[in-house]
Amino acid sequence: MKIIIEDEKNHRFRLNETIEWLIGMVGYALILIAVSLLFPKTLQIDSNLFGLWALVAAIITFILNKTIKPILFWLTLPITGLTLGLFYPFLNVFILYIVSFLLQEHFQIHGIGMAFLIAIIISIMNMLMDTIVLTPLFRGKK
């Protein structure tokens, strides 16, 4: 099912990407909240407006994944190739540390192990979201 809106000048807008983006942001925010509740000493999200800071962190993570991560991927391609792809999750860890730096006291990660765990959980969530939620929601969309 494709959701398309047309305005009076016959411009077509596809809402599928927007809905996918919103589902992904909520998923990222829920993962960050769950991990911060399970491991409060290693991932801290500001308790004032708790869900809002997780959502802001998810949005910044998404933006950095779309802008900086491709550049980092090309720069670290030889290392990723030599390690047979094992270095790739560390790009996500680096992105999470950038988010931690940008949000300062509102979002803090203590320890590389926790950042690596969050990166792996986000990767698994993306895979499950594609197969379980998004593909059945938008059948026929590639």
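The values are calculated or read from the model by the stated rules, or taken from the named source; none is laboratory data. Just so you know, these numbers come straight off a predicted model, no measurement behind them. As a convention, Cβ positions derive from the backbone with ideal geometry for all residues, glycine included, and neighbour counts pool all protein chains shown.
Condition check ((1) of a type in the set (D, E); (2) assigned to a loop (DSSP other than H, G, I, E, B); (3) within 18 Å of V99 (Cα to Cα); (4) at pLDDT below 85) across all residues:
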site	(1), (2), (3), (4)
N10	no, yes, no, yes
G24	no, no, yes, yes
G27	no, no, yes, yes
L37	no, no, no, no
Q44	no, no, yes, no
A54	no, no, yes, no
A57	no, no, yes, no
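Candidates L103, L77, L91, L86: the one that is among the aliphatic types (A, V, I, L, M), farther than 24 Å from T18 by Cα, touching a Leu at 6+ places or on another chain (Cβ under 9 Å) and modelled with pLDDT of 85 or more is L91.
Are any residues in region 65-74 at pLDDT below 90 and either surrounded by 12 or more Cβ atoms within 10 Å (Cβ to Cβ) or touching a strand residue (DSSP E or B) at 6+ places or on another chain (Cβ under 7 Å) (or both), and if so, which ones? Residues satisfying the conditions are N65, K69.
Each row is one residue, and each column tells you yes or no for (1) more than 16 Å from the chain's Cα centre (by Cα); (2) under 18 Å from L30 (Cβ atoms).
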residue: T61; (1), (2): no, yes
residue: L75; (1), (2): yes, no
residue: T83; (1), (2): yes, no
residue: P89; (1), (2): no, no
residue: N92; (1), (2): no, yes
residue: H110; (1), (2): yes, no
residue: A115; (1), (2): no, yes
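For region 46-59, residues that are in contact (Cβ under 8 Å) with a residue 24 or more places away in the chain and out of contact with any His (no Cβ under 7 Å at 6 or more places or on another chain) total 6.
Looking only at region 77-114, residues that are touching a strand residue (DSSP E or B) at 6+ places or on another chain (Cβ under 9 Å), touching a residue at least 24 places away in the same chain (Cβ under 8 Å), surrounded by fewer than 16 Cβ atoms within 10 Å (Cβ to Cβ) and assigned to a helix (DSSP H, G or I) come to 1 in all.
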